[in-house]
Amino acid sequence: MGMIKILSPSKENVLAKTYAESRSLKVLKACSWSFEVVDGDKSFAADLCATNCSCKAWQLNRLPCKHACATIKSKALSLYDFCDKYFKTDSYRETCRGILNPILTFEMHEPNPDHPIMINPPDVRSQPGRRRTQRIASQVLRVSKCGRCHKQGHNRRSCKEPIS
């Protein structure tokens, strides 16, 4: 299974959704790399050099927020250049590249087929106090009987029979 995309699949989906949300925002230039982004009736400051936004989502998620996406696209730059390097597939491949061998400790014994190691269950002690019991509902259904007309299916309070 090869990864063709630049980011991991889950982060690629998040970035695509964020970019779609950013297309309706209005970008105003403040400095060369600082921008003001108008989102409805609110305004946010995005700085591409410092990779931060006043909504704090970019700093928190390490992926460009919708305000940052709007500013990045207004400068005609790649969104991937502003994503954290740990979300990229190259970093993912790098983590799985080496071989991890288990570390032997002094407590580990070599397996002996003549005397297999017996693993006992953990020592479980009951908690102090009275045990809770699981109540089982009665198997027999009680059918209510009216005290006035002596018919089944209702009681005296809900009886609709005329008083005799």
Using helices alone, what [θ] at 222 nm do you get for the chain, with -39,500 (n - 2.57) per DSSP H run of 4 or more residues, divided over all residues and rounded to the nearest 500?
-6000 deg cm²/dmol
In order over the stretch 58-69: 3J(HN,Hα) from phi, Karplus 6.51/-1.76/1.60, θ = phi - 60°, whole Hz, x for each Gly or Pro, gives 5, 5, 6, 8, 6, 10, x, 6, 5, 5, 5, 4
In a Gaussian network model over the chain where Cα atoms closer than 10 Å are linked, find which of Gly98, Gly40, Gly147 has the largest mean-square fluctuation.
Gly147
Top of Asn13, Asn120, Asn52 by mean-square fluctuation, Gaussian network on the chain, Cα under 10 Å:
Asn120
Phi to ³J(HN,Hα) by Karplus 6.51 cos²θ - 1.76 cosθ + 1.60 over the stretch 43-52, Hz, x for Gly, Pro:
10, 10, 9, 10, 10, 6, 5, 8, 6, 9
List the residues whose amide H sits under 5 Å from the amide H of Ala30, counting only those 5 or more places along or on another chain, with H placed 1.01 Å from N in the peptide plane.
Phe35, Glu36
Select one label from [x] 18.3; [y] 23.9; [z] 15.4: the one whose number is Kirkwood radius over Cα pairs in Å as derived from the coordinates shown.
[y]
Above-threshold pairs, the threshold being 22 Å between Cα atoms, out of Lys5/Lys56; Lys26/Lys85; Lys29/Lys85; Lys42/Lys66; Lys11/Lys56:
Lys5/Lys56; Lys26/Lys85; Lys29/Lys85
Enter the angle in degrees (range 0 to 90, nearest 10) between the Cα long axis of helix 9-22 and the first principal axis of the Cα atoms of the chain, meaning the one along which they spread out most.
80
Figure the gain on full extension for Thr51 and Ser126 (residue separation times 0.36 nm, minus the Cα-Cα span) and round it to one decimal in nm.
21.5 nm
Scalar couplings 3J(HN,Hα) for the stretch 71-87 by Karplus 6.51 cos²θ - 1.76 cosθ + 1.60 (θ = phi - 60°), nearest whole Hz, x for Gly and Pro, are 6, 5, 6, 5, 8, 6, 9, 7, 5, 5, 5, 9, 8, 5, 5, 6, 8
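Each value in this text was obtained by applying a stated rule to the coordinates, not by laboratory testing. Because the structure is a prediction, the values reported are computed rather than measured.
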